[in-house]
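Since every read-out is calculated from the coordinates, none of them should be taken as a lab result. Remember, it's a predicted structure, so these values are computed and weren't measured experimentally. Glycine also receives a Cβ, built like all others from the backbone with ideal geometry; neighbour counts cover every protein chain displayed.
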Amino acid sequence: MTLIHALAEFTSGLSADRLPAPVVERAKLCLLDYIGVGLQSDRYGTASTRRGTQELLAVLRAEGASGDSIVLGRPERLTPSNAVLVNAYLGQSTSLDDTAVRSMAHVACAVVPTILAFAGPAKADGREMIAAIVAGYEAMIRVGRAVMPGLAKRGFHVTALTAPFGAAAAAARLMQLDATKTASAFGIAGNLGSGVQEALFRSYAAGKYAVGRSAQAGVLGALLAREGMAGAPAFLEGPEGFLRAMSDEVFPHLVTDTLGEEFEIADIGFKFHSGCRHWHAAVDAIEDIRGERPFAPADIEAIHVETYGEALRMNIDHPGSGDEARLCTPFAIAQSLLGEKIIAGDVFSDEQLQRDDVRALMERVTHSLNPEFERRYPLDWPVAVAVTLRDGDVLRAARDRPQGEPGNTPPASVIAKFVDMAGGKLGEERTQAALRFVRGLEDAEDIGPMLAILSDRASAPTREESRNDALA
């Protein structure tokens, strides 16, 4: 049996009734987190991603892409595949989306938009929705683990390259495709994903589109498989297959090892800082130090961060823009020391980057590779921080993982994040209604009420108006 067929047998046969209770609860947390993050893209995205949303919607309107699928917090209705594209973009634009510790992929932004677009047409209930979430997470993370970290070392963007598998698994599960057709969906979709890190580093808004397009590829793969198209049976492990094409270091066994015994969604981390996940633990360690002994930025002589190789590779020490600053550890540390809440898009602005006090603190931050931390990564994302004060004292703290990881963050913190973010867009009443719905998702017979809560039709253009706009 090939790898994609073994994976397809598992994902197509998933039932929420047979999932462990902690896995069901984790799936609901992932759904809540994505909704909150996606709803606040206008508030917490950077200027470039806010423009990117408008540019994307303008293109889709011109193409006559109106349909029945919702766009989070907006009045537009789009065709299902285009709703996947836009909602995936919204879910990433704040850099607050969830992270799979063991593959480094941001998973919700590919899987959940697919489910929001197709659960309605599939007449899925809450249990089907939960099964589709878990299926998408399993497929996307396991394929990523099989090619990481080599895929990233080649310059590919792991979220974009694995999104087709997550979206295909979720869509196929909602469409109730059997294992053979689900395997074909993987083989078709996996051939269509794309995304390189240069685009993400240097053209942040444009780079974020890749995941949406790759999620669309997953949807297309499932639709074509449903119609009878067959994908390559050994798409992953074949001599010219995905694994060997994408990475010099491949681990095929990770696609199927412990399948059904250990669930990848259980190891998902949630972000409480915006920006690159690789610097979060360093900022958390700085905050730990200041919690033990308060000090002012003017008291600092130097800060040194020991970390692992991928964190150094992803870091941009001298960012040229606010967008690039999302990948800069010294910038994030400076913002934290100056009392900024590293969550709003305005923190990552050109104006913030040019501030004299920010620049002065950035110049005091250095970092280096710790071989032991490199050995432990990616099962841990460890850092050790040393702050040298002008009086000669050296203050130290270490973190194995950033805040938001399983084991160091209670579900209540993720729910509080959702309430804070969703409340700014939906208002308290609708936010609480959405929270109640997701908490009781396994008992929901119809997800239509949730979709209605999450959209905003007050100023929605009619299909005729959209058609006229496209022809104008």
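All Cα-Cα separations within the stretch 112-200 were binned at 5 Å from zero, giving a P(r) of 3, 16, 24, 22, 16, 10, 6, 2, 0, each value a whole percent of the pairs.
Can you tell me how much longer the chain between Thr366 and Glu301 gets when fully stretched, taken as 0.36 nm per residue apart minus their C-alpha distance, in nm with one decimal? Please list the in-between numbers first.
On the way: separation 65, 0.36 × 65 = 23.40 nm, distance 1.16 nm.
Here the answer is 22.2 nm.
A dipole drawn for the stretch 3-269 from +1 and -1 charges on Cβ atoms has a positive end, and of Thr79, Ser247, Phe165 the residue lying farthest that way is Thr79. FRET efficiency for the pair Arg390 and Asp288, taken as 1/(1 + (r/R0)^6) with r the Cβ-Cβ distance and R0 = 22 Å, rounds to 0.60. Positive-end ranking of Gly45, Ala119, Val219 along the dipole of the stretch 3-269, with charges on Cβ about the Cα centre, is headed by Gly45.
Which translational diffusion coefficient, to the nearest whole µm²/s, is obtained for the chain from the Stokes-Einstein equation, given a Kirkwood hydrodynamic radius over C-alpha pairs, 4 °C and 1.567 mPa s? Write down the numbers at each step before the final one.
Details: Rh = 22.4 Å.
It diffuses with D of about 58 µm²/s by this estimate.
Each label point was placed 7 Å from the Cα along the Cα-to-Cβ direction; for Arg355 and Glu227 their separation is 5.3 nm. Quote the FRET efficiency, to the nearest 0.05, computed for Ser321 versus Arg43 with a Förster distance R0 of 22 Å and r equal to the Cβ-Cβ distance. Efficiency, from the Cβ-Cβ distance: 0.65. Remark: the Leu192-Thr258 segment gains 21.0 nm on full extension, using 0.36 nm per residue and subtracting the alpha carbon distance.
Volume per residue for the stretch 277-399 equals 96 cubic angstrom (convex hull of Cα atoms).
How big is the charge dipole of the stretch 3-269 about its Cα centre, in debye rounded to the nearest 20, if each Lys and Arg gets +1 on its Cβ and each Asp and Glu gets -1 on its Cβ? Write down the numbers at each step before the final one.
Working: 23 positive and 26 negative charges, 141 e Å.
The calculated dipole for the stretch 3-269 is roughly 680 debye.
With each label modelled as a point 7 angstrom along the Cα→C-beta vector, the Arg430-Glu240 pair spans 5.1 nm. Sparsely packed loop sites in the stretch 361-402 (the GluC sites (Glu not before Pro) outside DSSP H, G, I, E and B with at most 13 other Cβ atoms within 10 Å) comprise Glu363. The shape of the stretch 1-141 can be summarised by an equivalent ellipsoid whose semi-axes, obtained from the alpha carbon gyration tensor, come to 27, 17, 14 Å from longest to shortest.
State the extension gain, in nm to one decimal, for the chain segment bounded by Ala206 and Val59, taking 0.36 nm per residue of separation less the distance between their alpha-carbons. Present the calculation step by step, with values, prior to reporting the outcome.
Working: separation 147, 0.36 × 147 = 52.92 nm, distance 1.37 nm.
My answer for the length gained is 51.5 nm.
The share of Cα pairs per 5 Å bin across the stretch 3-269, counted from zero up to the longest distance, runs 1, 7, 15, 20, 21, 17, 11, 6, 2, 0 percent. Here the stretch 277-399 is treated with +1 on each Lys and Arg Cβ and -1 on each Asp and Glu Cβ, and its dipole about the Cα centre works out to around 280 debye. Computed about its Cα centre, the charge dipole of the stretch 273-335 is approximately 140 debye, with only Lys, Arg, Asp and Glu carrying charge at their Cβ.
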